[in-house]
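Participant: Provided herewith is a single structure, encoded as structure tokens, for subsequent inquiry.
The values are calculated or read from the model by the stated rules, or taken from the named source; none is laboratory data. Only a predicted model underlies this, so the values are computations on that prediction, with no experimental measurement involved. Neighbour counts are summed over all protein chains in view; Cβ atoms, including those assigned to glycine, are modelled from backbone coordinates with ideal geometry. Surface accessibility is based on the protein's heavy atoms, side chains included, excluding ligands, DNA and RNA. Shrake-Rupley method; radii C 1.70, N 1.55, O 1.52, S 1.80 Å.
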Amino acid sequence: MSSPKVIVQIAIAGARIFGRAFAAAGRQAIQNAKYRPPGAGGADVAGVGNATSGSLTDRLTREHRMTADEARLILNVKKEDPIEKIVQNYEHLFKQNSPPEKPPKPAQGKTTVPTQSHYLQSKVVRAKERLEAELKADLAEEAAPPPSADSSNTTPPPPSS
């Protein structure tokens, strides 16, 4: 056999193997894209998709796209903490993730790493909004008078004949 013929045969065999591997990888990628295991995290990590009842808490969770527990974790507060603690933590985290007022000029040859994060800042804002909405809903619930259970003042139905 001549050497050019052998080189061509090796190249063809290599291309065939590579083509089969590429096709198999494509089929596997399609299967992976279609498969979604039950209970997988995905885009619904906060449990927003599970908020399907008509309760006020579920409505707030869907509206703010964040559970109250997640908001408390972001702001580092407990359920029983007062609103002042929530606002204090919010202001601190918001300021820490804001861009500096006037960025200092870096020394020649040195680059500074930005310490602010718009994403984290927006999460902090959403967490504060979620907890404020929860507190407002609780206050509105407390202010509303409970339904009257006293049935002695109601008139009885007329007798049927």
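Participant: Checking the conditions here, which among N50, N97, N89 is of a type in the set (S, T, N, Q), farther than 14 Å from E134 by Cα, open to solvent by less than 100 Å² (accessible area, probe 1.4 Å) and at pLDDT below 90?
Facilitator: Criteria check complete, one pass: N97.
Participant: In region 100-133, what count of residues is obtained for those that are acidic (D, E) and modelled with pLDDT of 85 or more?
Facilitator: Qualifying residue count for the region: 2.
Participant: Also: Please determine, by comparing only the residues of region 123-142 that are small (G, A, S) and under 25 Å from N97 (Cα atoms), which one is most open to solvent (accessible area, probe 1.4 Å).
Facilitator: A133
To keep it simple, each residue is scored yes or no on (1) modelled with pLDDT under 85; (2) more than 30 Å from K79 (Cβ to Cβ); (3) surrounded by 10 or more Cβ atoms within 10 Å (Cβ to Cβ).
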{"position": "Q9", "(1), (2), (3)": "no, yes, yes"}
{"position": "A13", "(1), (2), (3)": "no, yes, yes"}
{"position": "A21", "(1), (2), (3)": "no, yes, yes"}
{"position": "Y35", "(1), (2), (3)": "yes, yes, no"}
{"position": "R59", "(1), (2), (3)": "yes, no, yes"}
{"position": "R62", "(1), (2), (3)": "yes, no, yes"}
